[in-house]
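Data block below; observations after.
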Amino acid sequence: MKSLLARGSELSSSKEQFRILSEVSERKALPLFAEKLQESGLFPLFPTGVDILQVNVGKLCNQTCKHCHVDAGPDRKEIMSKETMQECLVALASPKISTLDITGGAPEMNPNFRWFVEEASKLGKKIMVRCNLTIVLAGEKYRDLPEFFAKHKVEVVSSLPYFQKRRTDAQRGEGVFDRSVEALKKLNEVGYGVPGSGIVLNLVYNPGGAFLPGGQSTLESDFKRELKENFGVQFNSLFAITNMPISRFLEFLLESGNLDSYLEKIVTSFNPLAAAGVMCRNTLSVGWDGSLYDCDFNQMLDMQLEGEVTKISDFNQASLDKRKIRLEQHCYGCTAGAGSSCGGSLA
Amino acid sequence: MSQNNTYYHPEDLKKFGNIGEFGPDLAKKFFDYYGSVFADGALSAKEKSLIALAVSHVVQCPYCIDAYTTDTLEKGATEEQLWEAIHVGAAIRGGASLVHSVQALNKVKELGI
(Lines give C-alpha, C1' and ligand atoms only; values in the text may rest on other atoms or scores of the structure.)
Protein backbone atom coordinates (compact mmCIF):
# COMPACT_ATOMS: atom_id res chain seq x y z
CA MET A 1 0.00 0.00 0.00
CA LYS A 2 1.21 3.50 -0.82
CA SER A 3 0.69 6.61 1.28
CA LEU A 4 -2.29 8.86 0.53
CA LEU A 5 0.16 11.44 -0.80
CA ALA A 6 1.82 9.02 -3.21
CA ARG A 7 -1.60 7.87 -4.44
CA GLY A 8 -2.61 11.47 -5.10
CA SER A 9 -5.59 11.04 -2.76
CA GLU A 10 -7.57 14.15 -1.86
CA LEU A 11 -7.39 12.93 1.74
CA SER A 12 -3.69 13.81 1.85
CA SER A 13 -4.87 17.42 2.12
CA SER A 14 -5.75 18.58 5.64
CA LYS A 15 -8.28 20.97 4.09
CA GLU A 16 -10.19 18.03 2.62
CA GLN A 17 -10.06 16.17 5.93
CA PHE A 18 -11.51 19.17 7.76
CA ARG A 19 -14.19 19.52 5.10
CA ILE A 20 -15.28 15.90 5.58
CA LEU A 21 -15.33 16.08 9.39
CA SER A 22 -17.21 19.35 9.31
CA GLU A 23 -19.73 18.05 6.77
CA VAL A 24 -20.53 14.98 8.88
CA SER A 25 -20.72 17.06 12.06
CA GLU A 26 -23.24 19.43 10.46
CA ARG A 27 -25.32 16.64 8.94
CA LYS A 28 -25.49 14.72 12.21
CA ALA A 29 -25.89 17.91 14.28
CA LEU A 30 -22.80 17.06 16.36
CA PRO A 31 -21.63 19.80 18.72
CA LEU A 32 -18.31 21.52 18.08
CA PHE A 33 -15.49 20.24 20.28
CA ALA A 34 -14.94 23.75 21.60
CA GLU A 35 -18.60 23.90 22.71
CA LYS A 36 -18.21 20.64 24.62
CA LEU A 37 -15.12 21.98 26.35
CA GLN A 38 -17.02 25.14 27.22
CA GLU A 39 -19.71 23.05 28.95
CA SER A 40 -16.94 21.50 31.05
CA GLY A 41 -15.38 24.86 31.89
CA LEU A 42 -12.21 24.02 29.97
CA PHE A 43 -12.47 26.51 27.11
CA PRO A 44 -10.23 28.09 26.01
CA LEU A 45 -7.85 25.23 26.64
CA PHE A 46 -4.49 26.33 28.02
CA PRO A 47 -1.32 24.27 28.53
CA THR A 48 -0.21 23.25 31.99
CA GLY A 49 3.38 23.65 30.77
CA VAL A 50 5.85 21.90 28.49
CA ASP A 51 6.86 18.71 30.24
CA ILE A 52 7.31 16.53 27.15
CA LEU A 53 9.00 17.54 23.90
CA GLN A 54 7.63 15.21 21.24
CA VAL A 55 9.76 15.34 18.14
CA ASN A 56 8.57 13.84 14.88
CA VAL A 57 11.84 13.20 13.05
CA GLY A 58 10.22 12.30 9.76
CA LYS A 59 7.49 10.53 7.83
CA LEU A 60 9.70 7.85 6.33
CA CYS A 61 8.63 4.40 7.55
CA ASN A 62 9.16 0.76 6.59
CA GLN A 63 5.42 0.09 7.16
CA THR A 64 2.20 1.56 5.77
CA CYS A 65 -0.40 0.87 8.46
CA LYS A 66 -4.03 1.34 7.55
CA HIS A 67 -4.75 3.56 10.54
CA CYS A 68 -1.63 5.75 10.34
CA HIS A 69 -2.43 9.38 11.17
CA VAL A 70 0.95 10.48 9.80
CA ASP A 71 0.35 8.94 6.35
CA ALA A 72 3.87 7.59 6.78
CA GLY A 73 5.47 4.98 4.54
CA PRO A 74 8.50 4.01 2.46
CA ASP A 75 7.48 6.58 -0.15
CA ARG A 76 7.61 9.55 2.26
CA LYS A 77 10.90 11.44 2.21
CA GLU A 78 10.32 14.20 4.80
CA ILE A 79 13.18 13.91 7.28
CA MET A 80 14.32 16.19 10.12
CA SER A 81 17.78 17.65 9.54
CA LYS A 82 20.62 17.46 12.06
CA GLU A 83 20.44 21.26 12.35
CA THR A 84 16.77 21.11 13.43
CA MET A 85 17.61 18.30 15.85
CA GLN A 86 20.26 20.58 17.34
CA GLU A 87 17.58 23.25 17.83
CA CYS A 88 15.41 20.64 19.57
CA LEU A 89 18.31 19.82 21.89
CA VAL A 90 18.69 23.49 22.83
CA ALA A 91 14.98 23.56 23.79
CA LEU A 92 15.27 20.23 25.56
CA ALA A 93 17.91 21.71 27.85
CA SER A 94 15.15 23.77 29.47
CA PRO A 95 14.91 22.55 33.07
CA LYS A 96 11.11 22.36 32.86
CA ILE A 97 11.19 19.69 30.12
CA SER A 98 11.62 16.22 31.59
CA THR A 99 11.10 14.00 28.56
CA LEU A 100 12.05 13.68 24.91
CA ASP A 101 9.52 11.59 22.98
CA ILE A 102 10.86 10.68 19.53
CA THR A 103 8.35 9.62 16.92
CA GLY A 104 7.92 9.29 13.14
CA GLY A 105 7.41 7.40 10.70
CA ALA A 106 9.99 4.95 11.86
CA PRO A 107 12.26 7.41 13.71
CA GLU A 108 15.20 5.02 13.50
CA MET A 109 15.27 5.54 9.70
CA ASN A 110 16.36 9.14 10.13
CA PRO A 111 20.15 8.99 9.49
CA ASN A 112 20.81 11.25 12.49
CA PHE A 113 18.58 9.33 14.88
CA ARG A 114 21.36 7.75 16.93
CA TRP A 115 23.27 11.01 17.21
CA PHE A 116 20.06 12.68 18.43
CA VAL A 117 19.52 10.04 21.13
CA GLU A 118 23.15 10.22 22.24
CA GLU A 119 23.08 14.01 22.56
CA ALA A 120 19.73 13.96 24.41
CA SER A 121 21.10 11.29 26.70
CA LYS A 122 23.93 13.64 27.73
CA LEU A 123 21.28 16.13 28.94
CA GLY A 124 20.04 13.53 31.43
CA LYS A 125 16.45 13.60 30.19
CA LYS A 126 14.08 10.69 29.95
CA ILE A 127 14.06 9.51 26.32
CA MET A 128 11.19 7.64 24.69
CA VAL A 129 11.19 6.16 21.21
CA ARG A 130 8.07 5.14 19.31
CA CYS A 131 9.52 2.00 17.73
CA ASN A 132 7.37 0.01 15.30
CA LEU A 133 9.31 -3.20 16.19
CA THR A 134 9.74 -4.51 12.64
CA ILE A 135 12.46 -1.91 12.02
CA VAL A 136 14.73 -3.99 14.29
CA LEU A 137 14.61 -6.72 11.62
CA ALA A 138 14.69 -4.40 8.60
CA GLY A 139 18.40 -4.84 7.86
CA GLU A 140 21.90 -5.08 9.26
CA LYS A 141 22.12 -1.40 10.23
CA TYR A 142 19.12 -1.69 12.56
CA ARG A 143 19.93 -5.08 14.12
CA ASP A 144 21.72 -3.68 17.17
CA LEU A 145 18.93 -1.22 18.01
CA PRO A 146 17.90 -3.14 21.16
CA GLU A 147 21.46 -2.84 22.54
CA PHE A 148 21.65 0.81 21.49
CA PHE A 149 18.34 1.59 23.21
CA ALA A 150 19.43 -0.26 26.34
CA LYS A 151 22.77 1.56 26.48
CA HIS A 152 20.98 4.91 26.66
CA LYS A 153 18.12 3.62 28.84
CA VAL A 154 15.64 4.66 26.17
CA GLU A 155 12.03 3.79 27.01
CA VAL A 156 10.72 1.82 24.03
CA VAL A 157 7.05 2.32 23.15
CA SER A 158 5.86 -0.07 20.48
CA SER A 159 2.60 -0.51 18.65
CA LEU A 160 1.11 -3.97 18.69
CA PRO A 161 -2.57 -3.66 17.80
CA TYR A 162 -3.43 -7.14 19.00
CA PHE A 163 -1.95 -10.28 20.50
CA GLN A 164 -2.99 -12.31 17.49
CA LYS A 165 -1.69 -12.35 13.94
CA ARG A 166 -4.91 -11.79 11.96
CA ARG A 167 -5.98 -8.47 13.45
CA THR A 168 -2.42 -7.11 13.69
CA ASP A 169 -1.54 -7.97 10.09
CA ALA A 170 -4.86 -6.58 8.83
CA GLN A 171 -3.94 -3.21 10.29
CA ARG A 172 -0.17 -3.05 9.93
CA GLY A 173 0.58 -5.28 6.94
CA GLU A 174 1.12 -8.95 6.13
CA GLY A 175 3.79 -10.59 8.28
CA VAL A 176 4.05 -7.68 10.73
CA PHE A 177 2.82 -9.72 13.70
CA ASP A 178 5.43 -12.48 13.35
CA ARG A 179 8.24 -9.97 12.88
CA SER A 180 6.97 -7.88 15.81
CA VAL A 181 7.07 -10.92 18.09
CA GLU A 182 10.61 -11.70 16.93
CA ALA A 183 11.64 -8.09 17.65
CA LEU A 184 9.98 -8.24 21.08
CA LYS A 185 12.02 -11.33 21.89
CA LYS A 186 15.21 -9.47 20.93
CA LEU A 187 14.20 -6.57 23.18
CA ASN A 188 13.48 -9.02 26.02
CA GLU A 189 16.92 -10.60 25.49
CA VAL A 190 18.69 -7.34 26.37
CA GLY A 191 16.42 -6.77 29.38
CA TYR A 192 13.49 -4.80 27.98
CA GLY A 193 10.25 -5.68 29.75
CA VAL A 194 12.13 -7.82 32.28
CA PRO A 195 11.33 -6.87 35.89
CA GLY A 196 14.25 -5.21 37.67
CA SER A 197 16.21 -4.48 34.48
CA GLY A 198 15.66 -0.72 34.74
CA ILE A 199 14.73 -0.47 31.07
CA VAL A 200 11.14 -0.18 30.01
CA LEU A 201 9.17 -1.66 27.13
CA ASN A 202 5.59 -0.46 26.78
CA LEU A 203 3.16 -1.63 24.13
CA VAL A 204 0.46 0.39 22.41
CA TYR A 205 -2.92 -1.14 21.65
CA ASN A 206 -5.28 0.55 19.26
CA PRO A 207 -8.51 -1.01 18.02
CA GLY A 208 -8.40 -2.93 14.76
CA GLY A 209 -11.42 -1.14 13.34
CA ALA A 210 -14.17 1.39 13.93
CA PHE A 211 -14.60 0.85 17.65
CA LEU A 212 -13.15 2.36 20.81
CA PRO A 213 -10.55 0.76 23.06
CA GLY A 214 -11.94 -0.92 26.16
CA GLY A 215 -10.51 -0.83 29.68
CA GLN A 216 -6.74 -0.48 29.54
CA SER A 217 -6.00 -2.64 32.59
CA THR A 218 -8.11 -5.57 31.32
CA LEU A 219 -6.50 -5.34 27.90
CA GLU A 220 -3.07 -5.24 29.51
CA SER A 221 -3.82 -8.44 31.46
CA ASP A 222 -5.01 -10.17 28.27
CA PHE A 223 -1.94 -9.04 26.30
CA LYS A 224 0.46 -10.08 29.07
CA ARG A 225 -1.10 -13.52 29.44
CA GLU A 226 -1.38 -14.25 25.72
CA LEU A 227 2.08 -12.96 24.74
CA LYS A 228 3.74 -14.77 27.65
CA GLU A 229 1.93 -18.09 27.15
CA ASN A 230 2.15 -18.21 23.36
CA PHE A 231 5.48 -16.53 22.64
CA GLY A 232 7.35 -16.12 25.96
CA VAL A 233 7.29 -12.34 25.48
CA GLN A 234 7.21 -9.85 28.38
CA PHE A 235 6.52 -6.11 28.54
CA ASN A 236 5.84 -3.48 31.20
CA SER A 237 2.62 -1.59 30.45
CA LEU A 238 0.01 -1.41 27.74
CA PHE A 239 -1.23 1.97 26.50
CA ALA A 240 -4.72 1.88 24.96
CA ILE A 241 -5.11 4.52 22.27
CA THR A 242 -8.18 5.57 20.28
CA ASN A 243 -7.89 5.71 16.49
CA MET A 244 -8.10 9.33 15.34
CA PRO A 245 -10.55 10.01 12.49
CA ILE A 246 -7.93 11.62 10.26
CA SER A 247 -5.60 10.62 7.42
CA ARG A 248 -5.54 6.89 6.60
CA PHE A 249 -7.98 5.91 9.36
CA LEU A 250 -10.36 8.51 7.95
CA GLU A 251 -9.94 6.82 4.58
CA PHE A 252 -10.86 3.47 6.17
CA LEU A 253 -13.91 5.01 7.89
CA LEU A 254 -15.09 6.51 4.62
CA GLU A 255 -14.55 3.38 2.55
CA SER A 256 -16.13 1.07 5.13
CA GLY A 257 -19.18 3.30 5.66
CA ASN A 258 -18.33 3.76 9.35
CA LEU A 259 -17.52 7.46 9.40
CA ASP A 260 -20.86 8.81 10.66
CA SER A 261 -21.28 6.24 13.40
CA TYR A 262 -17.63 6.52 14.52
CA LEU A 263 -17.82 10.29 14.81
CA GLU A 264 -21.10 10.03 16.68
CA LYS A 265 -19.53 7.46 18.98
CA ILE A 266 -16.53 9.59 19.94
CA VAL A 267 -18.76 12.66 20.41
CA THR A 268 -21.32 10.88 22.60
CA SER A 269 -18.47 9.25 24.58
CA PHE A 270 -16.99 12.67 25.49
CA ASN A 271 -15.50 12.45 28.99
CA PRO A 272 -14.78 15.76 30.78
CA LEU A 273 -12.28 14.03 33.08
CA ALA A 274 -10.28 12.85 30.07
CA ALA A 275 -10.59 16.31 28.50
CA ALA A 276 -8.93 17.90 31.52
CA GLY A 277 -5.87 15.67 31.06
CA VAL A 278 -5.31 15.70 27.30
CA MET A 279 -1.68 15.38 26.25
CA CYS A 280 -1.56 18.70 24.37
CA ARG A 281 -1.61 20.42 27.78
CA ASN A 282 1.85 19.17 28.79
CA THR A 283 3.37 18.25 25.43
CA LEU A 284 4.89 20.31 22.65
CA SER A 285 5.03 18.68 19.24
CA VAL A 286 7.82 19.44 16.77
CA GLY A 287 7.49 18.70 13.06
CA TRP A 288 10.27 17.42 10.79
CA ASP A 289 10.91 20.99 9.57
CA GLY A 290 11.02 22.46 13.10
CA SER A 291 7.46 23.82 13.10
CA LEU A 292 5.58 23.63 16.39
CA TYR A 293 2.17 22.12 17.11
CA ASP A 294 0.01 21.30 20.11
CA CYS A 295 0.15 17.57 19.33
CA ASP A 296 1.15 15.07 16.64
CA PHE A 297 -2.43 14.99 15.30
CA ASN A 298 -2.59 18.77 14.88
CA GLN A 299 0.81 18.49 13.24
CA MET A 300 -0.50 16.12 10.59
CA LEU A 301 -3.46 18.46 10.01
CA ASP A 302 -1.11 21.44 9.51
CA MET A 303 -2.59 23.23 12.54
CA GLN A 304 0.48 25.19 13.50
CA LEU A 305 0.74 26.61 17.01
CA GLU A 306 -1.10 29.82 17.87
CA GLY A 307 1.00 32.68 19.19
CA GLU A 308 4.40 34.25 18.56
CA VAL A 309 6.53 31.10 18.78
CA THR A 310 5.94 28.79 15.83
CA LYS A 311 9.41 27.26 15.32
CA ILE A 312 11.56 25.23 17.68
CA SER A 313 14.44 27.62 16.91
CA ASP A 314 12.41 30.34 18.68
CA PHE A 315 11.57 28.16 21.70
CA ASN A 316 10.40 30.31 24.57
CA GLN A 317 8.83 28.56 27.53
CA ALA A 318 7.00 31.58 28.94
CA SER A 319 5.43 32.47 25.62
CA LEU A 320 4.42 28.86 24.91
CA ASP A 321 2.77 28.49 28.31
CA LYS A 322 0.42 31.37 27.46
CA ARG A 323 -0.78 30.00 24.13
CA LYS A 324 -4.32 28.78 23.47
CA ILE A 325 -4.43 25.17 22.28
CA ARG A 326 -5.98 24.79 18.82
CA LEU A 327 -9.03 22.55 18.67
CA GLU A 328 -11.05 20.88 15.94
CA GLN A 329 -13.53 18.02 15.67
CA HIS A 330 -10.81 15.32 15.62
CA CYS A 331 -10.00 16.30 19.23
CA TYR A 332 -13.00 14.22 20.33
CA GLY A 333 -10.73 11.23 19.66
CA CYS A 334 -8.63 12.12 22.73
CA THR A 335 -11.60 12.64 25.06
CA ALA A 336 -13.81 9.64 24.24
CA GLY A 337 -14.44 7.10 26.99
CA ALA A 338 -11.42 6.66 29.21
CA GLY A 339 -9.55 9.14 27.03
CA SER A 340 -6.51 8.65 24.86
CA SER A 341 -3.01 10.02 24.75
CA CYS A 342 0.47 8.89 23.75
CA GLY A 343 0.64 7.43 27.26
CA GLY A 344 -2.69 5.63 27.01
CA SER A 345 -5.92 6.21 28.93
CA LEU A 346 -6.45 9.47 30.79
CA ALA A 347 -9.33 8.78 33.17
CA MET B 1 -37.93 -3.35 1.10
CA SER B 2 -36.69 0.05 2.16
CA GLN B 3 -35.47 0.50 5.70
CA ASN B 4 -38.40 2.81 6.41
CA ASN B 5 -40.79 -0.11 5.97
CA THR B 6 -39.22 -2.26 8.67
CA TYR B 7 -39.83 -2.30 12.39
CA TYR B 8 -36.11 -2.26 13.20
CA HIS B 9 -33.97 0.84 12.52
CA PRO B 10 -30.26 0.86 13.45
CA GLU B 11 -30.66 4.51 14.48
CA ASP B 12 -33.13 3.44 17.19
CA LEU B 13 -30.38 1.73 19.20
CA LYS B 14 -29.10 5.18 20.20
CA LYS B 15 -32.58 6.04 21.51
CA PHE B 16 -32.58 3.22 24.07
CA GLY B 17 -32.09 5.79 26.81
CA ASN B 18 -35.36 7.47 25.79
CA ILE B 19 -37.53 4.58 27.00
CA GLY B 20 -38.05 6.50 30.23
CA GLU B 21 -39.86 9.32 28.48
CA PHE B 22 -43.25 8.31 29.85
CA GLY B 23 -42.05 6.32 32.85
CA PRO B 24 -38.74 7.65 34.17
CA ASP B 25 -38.81 5.89 37.54
CA LEU B 26 -38.99 2.37 36.21
CA ALA B 27 -36.52 3.19 33.41
CA LYS B 28 -34.03 4.49 35.96
CA LYS B 29 -34.41 1.33 38.03
CA PHE B 30 -33.87 -0.76 34.92
CA PHE B 31 -30.76 1.14 33.79
CA ASP B 32 -29.28 1.11 37.31
CA TYR B 33 -29.81 -2.65 37.41
CA TYR B 34 -28.48 -3.04 33.86
CA GLY B 35 -25.33 -1.09 34.72
CA SER B 36 -24.72 -3.17 37.84
CA VAL B 37 -25.26 -6.44 35.97
CA PHE B 38 -22.57 -5.63 33.44
CA ALA B 39 -19.96 -4.26 35.85
CA ASP B 40 -16.87 -6.32 36.72
CA GLY B 41 -17.78 -8.83 39.41
CA ALA B 42 -17.21 -12.53 39.93
CA LEU B 43 -17.32 -12.56 36.14
CA SER B 44 -15.31 -9.96 34.24
CA ALA B 45 -17.12 -7.32 32.17
CA LYS B 46 -15.68 -9.03 29.07
CA GLU B 47 -17.10 -12.43 30.04
CA LYS B 48 -20.48 -10.81 30.70
CA SER B 49 -20.35 -9.10 27.33
CA LEU B 50 -19.70 -12.45 25.61
CA ILE B 51 -22.67 -13.99 27.47
CA ALA B 52 -24.78 -11.02 26.36
CA LEU B 53 -23.69 -11.61 22.77
CA ALA B 54 -24.76 -15.25 22.99
CA VAL B 55 -28.12 -14.34 24.53
CA SER B 56 -28.61 -11.61 21.90
CA HIS B 57 -28.51 -14.32 19.23
CA VAL B 58 -30.87 -16.56 21.14
CA VAL B 59 -33.46 -13.80 21.58
CA GLN B 60 -32.63 -12.56 18.07
CA CYS B 61 -32.42 -8.92 19.07
CA PRO B 62 -30.70 -6.99 16.26
CA TYR B 63 -30.01 -4.01 18.51
CA CYS B 64 -28.36 -6.28 21.09
CA ILE B 65 -26.29 -8.09 18.44
CA ASP B 66 -25.05 -4.75 17.11
CA ALA B 67 -24.29 -3.42 20.60
CA TYR B 68 -22.61 -6.52 22.00
CA THR B 69 -20.57 -7.34 18.91
CA THR B 70 -19.08 -3.87 19.23
CA ASP B 71 -18.78 -4.16 23.00
CA THR B 72 -16.95 -7.49 22.94
CA LEU B 73 -14.50 -6.12 20.35
CA GLU B 74 -13.97 -3.01 22.48
CA LYS B 75 -13.27 -5.22 25.47
CA GLY B 76 -10.54 -6.96 23.49
CA ALA B 77 -12.28 -10.26 22.74
CA THR B 78 -10.95 -12.33 19.86
CA GLU B 79 -13.11 -13.28 16.90
CA GLU B 80 -12.83 -16.90 18.06
CA GLN B 81 -14.29 -15.96 21.44
CA LEU B 82 -17.19 -14.12 19.80
CA TRP B 83 -18.06 -17.09 17.61
CA GLU B 84 -17.73 -19.63 20.39
CA ALA B 85 -20.13 -17.53 22.48
CA ILE B 86 -22.62 -17.40 19.58
CA HIS B 87 -22.37 -21.19 19.19
CA VAL B 88 -23.04 -21.66 22.90
CA GLY B 89 -26.28 -19.72 22.42
CA ALA B 90 -27.11 -21.72 19.30
CA ALA B 91 -26.37 -25.03 21.03
CA ILE B 92 -28.67 -24.21 23.94
CA ARG B 93 -31.37 -23.05 21.59
CA GLY B 94 -31.02 -26.16 19.43
CA GLY B 95 -30.73 -28.39 22.49
CA ALA B 96 -33.84 -26.83 23.99
CA SER B 97 -35.79 -27.93 20.91
CA LEU B 98 -34.24 -31.36 20.77
CA VAL B 99 -34.75 -32.14 24.44
CA HIS B 100 -38.49 -31.73 23.83
CA SER B 101 -38.23 -34.59 21.37
CA VAL B 102 -38.24 -36.82 24.46
CA GLN B 103 -41.92 -35.88 24.72
CA ALA B 104 -42.42 -36.93 21.09
CA LEU B 105 -40.49 -40.12 21.79
CA ASN B 106 -42.70 -40.86 24.79
CA LYS B 107 -45.83 -40.23 22.69
CA VAL B 108 -44.59 -42.45 19.86
CA LYS B 109 -44.04 -45.25 22.37
CA GLU B 110 -47.38 -44.59 24.03
CA LEU B 111 -49.23 -44.77 20.73
CA GLY B 112 -47.33 -47.72 19.32
CA ILE B 113 -48.37 -51.36 19.60
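The table that follows gives values for the structure above.
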item	result
Test: residue in region B:93-113 that is closer than 30 Å to residue A:161 by Cβ, aliphatic (A, V, I, L, M) and open to solvent by 50 Å² or more (accessible area, probe 1.4 Å)	no
Hits in region A:215-243 - residues which are small (Gly, Ala, Ser) and free of Cβ contacts under 8 Å to residues at least 60 places away in the same chain	A:217, A:221, A:232
Among the residues listed as B:24, B:62, the single one being touching a Pro at 6+ places or on another chain (Cβ under 9 Å) and away from chain A (no Cβ under 14 Å)	B:62
Inter-residue pairs, beta-carbon under 9 Å, first open to solvent by 50 Å² or more (accessible area, probe 1.4 Å) and in region A:1-26, second β-branched (Val, Ile, Thr), 6+ apart	A:1/A:64; A:2/A:64
Looking only at region B:1-21, and only at residues there that are among the aromatic types (Phe, Trp, Tyr) and over 20 Å from residue B:75 (Cβ atoms), the one that is farthest from the other protein chains (Cβ to nearest Cβ)	B:7
Complete set of residues in region A:323-334 that are over 18 Å from residue A:261 (Cβ atoms) and in contact (Cβ under 8 Å) with a residue 40 or more places away in the chain	A:323, A:324, A:325, A:327, A:328, A:331, A:334
Members of region A:292-347 that are touching a Leu at 6+ places or on another chain (Cβ under 9 Å), polar (S, T, N, Q), crowded, with 20+ Cβ neighbours inside 10 Å and part of a loop (DSSP other than H, G, I, E, B)	A:340
Answer residue from region A:241-271, given it is in contact with a strand residue (DSSP E or B) (Cβ under 6 Å, 6 or more places away or on another chain) and of a type in the set (Val, Ile, Thr) and is most open to solvent (accessible area, probe 1.4 Å) among those	A:241
Scope region A:321-347; condition in contact with a Pro (Cβ under 7 Å, 6 or more places away or on another chain) and over 25 Å from residue A:68 (Cβ atoms); matching residues	A:321, A:323, A:324
Among residues of region A:154-185, those that are in a loop (DSSP other than H, G, I, E, B) and not hydroxyl-bearing (Ser, Thr, Tyr), counted	8
Residue A:304 being more than 16 Å from residue A:58 (Cα to Cα) and touching a strand residue (DSSP E or B) at 6+ places or on another chain (Cβ under 8 Å)	yes
Matching entry among A:264, A:251 (being touching a helix residue (DSSP H, G or I) at 6+ places or on another chain (Cβ under 9 Å), of a type outside the set (Phe, Trp, Tyr) and within 12 Å of another protein chain (Cβ to nearest Cβ))	A:264
Residue among A:189, A:147, A:118, A:140 that alone is surrounded by fewer than 16 Cβ atoms within 10 Å (Cβ to Cβ), among the acidic types (Asp, Glu) and without any contact (Cβ under 8 Å) to a residue 12 or more places away in the chain	A:140
Of residues in region A:213-239 being surrounded by 22 or more Cβ atoms within 10 Å (Cβ to Cβ) and at the interface with another protein chain (Cβ under 9 Å from one of its Cβ atoms), the one farthest from residue B:46 (Cα to Cα)	A:213
Options A:11, A:37, A:5; residue that is within 16 Å of residue A:300 (Cβ to Cβ), assigned to a helix (DSSP H, G or I) and within 24 Å of the chain's Cα centre (by Cα)	A:11
Residue count for region A:272-287, restricted to those that are crowded, with 23+ Cβ neighbours inside 10 Å and assigned to a loop (DSSP other than H, G, I, E, B)	2
Checklist (1) more than 14 Å from chain B (Cβ to nearest Cβ); (2) in contact (Cβ under 8 Å) with a residue 24 or more places away in the chain applied to residue A:171, failing item	(1)
Unmet requirement for residue B:81, which otherwise passes all of (1) open to solvent by less than 30 Å² (accessible area, probe 1.4 Å); (2) closer than 20 Å to residue A:165 by Cβ	(1)
Matching residues in region A:222-251 - criterion: being touching a Leu at 6+ places or on another chain (Cβ under 9 Å), of a type outside the set (Asp, Glu) and in a helix (DSSP H, G or I)	A:223, A:224, A:227, A:231, A:247, A:248, A:250
Only listed residue being farther than 12 Å from residue A:160 by Cα, hydrophobic (A, V, I, L, M, F, W, C) and over 18 Å from the mean Cα position of the chain (by Cα), chosen from A:212, A:227, A:187	A:187
Residue B:74 vs. criteria among the charged types (D, E, K, R), closer than 24 Å to residue A:167 by Cα and in contact with a Lys or Arg (Cβ under 8 Å, 6 or more places away or on another chain)	no
Subset of region B:1-53 [surrounded by fewer than 12 Cβ atoms within 10 Å (Cβ to Cβ) and of a type in the set (S, T, N, Q)]	B:2, B:3, B:4, B:5, B:6, B:18, B:36
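The values are calculated or read from the model by the stated rules, or taken from the named source; none is laboratory data. Since the structure is predicted, the reported quantities are computational estimates derived from the model, not experimental observations. Using ideal geometry, Cβ is built from the backbone for each residue, glycine included, and neighbour counts are taken over all protein chains shown. All accessible areas refer to the heavy atoms of the entire protein, side chains included, with ligands and DNA or RNA removed. Shrake-Rupley method; radii C 1.70, N 1.55, O 1.52, S 1.80 Å.
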